[in-house]
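> The following block contains the structure, expressed as structure tokens.
The values are calculated or read from the model by the stated rules, or taken from the named source; none is laboratory data. Being a predicted model, the structure only gives us computed values, none of them experimental. Cβ coordinates were reconstructed from backbone atoms using ideal geometry, including for glycine residues, and neighbour counts include every protein chain displayed.
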Amino acid sequence: MVTRSTFLTLDDFHKRNLSLPICPDVFIRLIEVLEDPKNNVGDLARTIISDPALTTQVLRVSNSAFFGISRQVCSLEEAILRIGFKGIWIIAAALKTQELYQISTCDWLGSHGALWEHSTRTAAFAHALCKRLNPLFCDIYFTAGLLHDIGKLMLHQLEPRYSEICQNGKLCGYDLVWREMELFGTHHAKLGAELLMHWNLPDVICDLVAHHHEPVGQGEPLQRTRNLLRVANEMARSSEPTLVPGYAFFNTPLDTELLDSVGLDMEGSLAVGAEAQRIMRLLKII
Ligand SMILES: [Fe+2]
Ligand SMILES: [Fe+2]
């Protein structure tokens, strides 16, 4: 067991001969292409083509019933025009992030496990919240949602009983962060953000991930920005046990102080829930 005195950092993974999760090559290149407004459909298509598996999957998803396209899409350029840059990013980011989870054989952490399910759900809520409250940054929040708990994958590498610790104690939020600090001298949000910095992901994504369990702060624009991912995380948890497709509701009461901090009322929350479920339906066919 790792003890508190170790104050775990990324270097400890190297010292223990543990490999860090590797950022998929195409992930960074796609972010660069999508962030530069001068890039066009051809630039995006060329980037996707550099990853043959991704190319096949983008075409498969583009031809799925979700997009309701009557004529088959045969080229990437056509798929991008139909789905749009933002739609392509949702598909590509989810596919490449899911690969990271495939390294784990643990039922809870694997690519079909509860943590992946929670991560996609958080990403869907983050995207839906942003679309309503801060539409320019949907891609950023979607990505932060997908990756916000990646530190848990890392802690499991160090301590194989980590998933039991989380599940047996039904630990979440502050309680989990507190327990992780006792055991590892760090917590999954901080460790995950360090990994994303190491990958050279945009600072804003690293910041959101690092602070997704911090107490609710009011007023300051930066705090409001961070609270959006916290709301998405809470909505994902609250909707998990009995979510019914096509019907938006939350099983546990949402923290009204947290909702207030981003300017959302209960009616707005249900609208966000409905939009999140639309995105989750897309993620299910990926
Ligand atoms: Fe978390
Ligand atoms: Fe989470």
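> Which one is modelled with the lowest pLDDT, of the residues in the stretch 168-201 that are more than 13 Å from ligand 1 (Cβ to nearest atom) and either in contact with a strand residue (DSSP E or B) (Cβ under 8 Å, 6 or more places away or on another chain) or among the small types (Gly, Ala, Ser) (or both)?
Gly169
> Would you mind finding the one in Asn40, Asn17 that is surrounded by 12 or more Cβ atoms within 10 Å (Cβ to Cβ) and free of Cβ contacts under 8 Å to residues at least 12 places away in the same chain?
Of Asn40, Asn17, the one residue that is surrounded by 12 or more Cβ atoms within 10 Å (Cβ to Cβ) and free of Cβ contacts under 8 Å to residues at least 12 places away in the same chain is Asn40.
> List the helices (runs of 4 or more DSSP H) inside the stretch 4-86, counting only whole elements, that have at least 3 residues being closer than 24 Å to Leu136 by Cβ.
Qualifying helices (runs of 4 or more DSSP H): 25-35, 41-49.
> Do we find that Glu240 is surrounded by fewer than 18 Cβ atoms within 10 Å (Cβ to Cβ) and within 12 Å of ligand 2 (Cβ to nearest atom) in this structure?
In short, yes.
> Identify, from the list Phe125, Phe142, Phe137, the residue that is away from ligand 2 (no atom under 14 Å from the Cβ), surrounded by 24 or more Cβ atoms within 10 Å (Cβ to Cβ) and part of a helix (DSSP H, G or I).
On inspection, the qualifying residue turns out to be Phe142.
> Can you list the helices (runs of 4 or more DSSP H) lying wholly within the stretch 202-279 that have 3 or more residues being more than 16 Å from ligand 1 (Cβ to nearest atom), outside the structural domain of Ala189 (by TED's automatic domain parsing) and modelled with pLDDT of 95 or more?
none
> Something else now. What are the pairs, 6+ residues apart or on separate chains, where a residue within the stretch 115-129 that is more than 15 Å from Ser269 (Cβ to Cβ) and within 13 Å of ligand 1 (Cβ to nearest atom) has its Cβ under 8 Å from a residue that is of a type in the set (A, V, I, L, M) and not in a helix (DSSP H, G or I)?
Leu115/Leu109
> Mind checking whether some residue in the stretch 159-172 is within 16 Å of ligand 2 (Cβ to nearest atom), touching a Cys at 6+ places or on another chain (Cβ under 6 Å) and not assigned by TED's automatic domain parsing to the domain that holds Lys86?
Among the residues of the stretch 159-172, at least one is within 16 Å of ligand 2 (Cβ to nearest atom), touching a Cys at 6+ places or on another chain (Cβ under 6 Å) and not assigned by TED's automatic domain parsing to the domain that holds Lys86, which makes the answer yes.
> Would you confirm, using the coordinates I've provided, whether Val204 is surrounded by 13 or more Cβ atoms within 10 Å (Cβ to Cβ), within 16 Å of ligand 2 (Cβ to nearest atom) and closer than 16 Å to Arg226 by Cβ?
no
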